[in-house]
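One structure is given here, and the rest of the page talks about it.
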């Protein structure tokens, strides 16, 4: 079985940029408007709210990869990104090397 998703892309953006980046991602993602909340992983230096950054770890097609690197490079210049083969994922070390942690949602009692 083959897949069109051949890359794993991890991205960190500032919280202030999240709306703009979500809008750009709707142009890149094959699902269209369902991509509007792509940058939904809240991040901070200590893993405690409030978030200072947002992140994603996503599969990407050659089309998406080439547009991220080429067509939208200027609009996406402020992001921090790592790219590897689809089956690999350096998400944890990527966050660590950028001094960030995922903010875990609070447990709901009841």
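What follows is calculated from the coordinates using simple rules that are stated; it is not laboratory data. Because the structure is a prediction, the values reported are computed rather than measured. Neighbour counts run over all protein chains shown; Cβ positions are idealised from the backbone, glycine included.
Counting alpha carbon pairs within less than 8 Å and at least 6 residues apart, what relative contact order, in whole percent, applies to segment 8-102? Spell out each step's value before the answer.
Values: 131 pairs, mean separation 39.5, N = 95.
Taking the mean separation of contacting Cα pairs over the length of segment 8-102, I get 42 percent.
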If every alpha-carbon in segment 8-102 counts as one equal scatterer, what log10 I(q)/I(0) does Debye give at q = 0.10 1/Å? -0.24
How many angstrom lie between the Cα centre of segment 84-105 and the Cα centre of segment 52-82? 15 Å
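Give the order of 69, 103 when sorted by the count of other beta carbons within 10 angstrom, beginning with the fewest. Before the final figure, lay out the partial values.
Details: 69 13, 103 18.
Neighbour counts put them in this order, fewest first: 69, 103.
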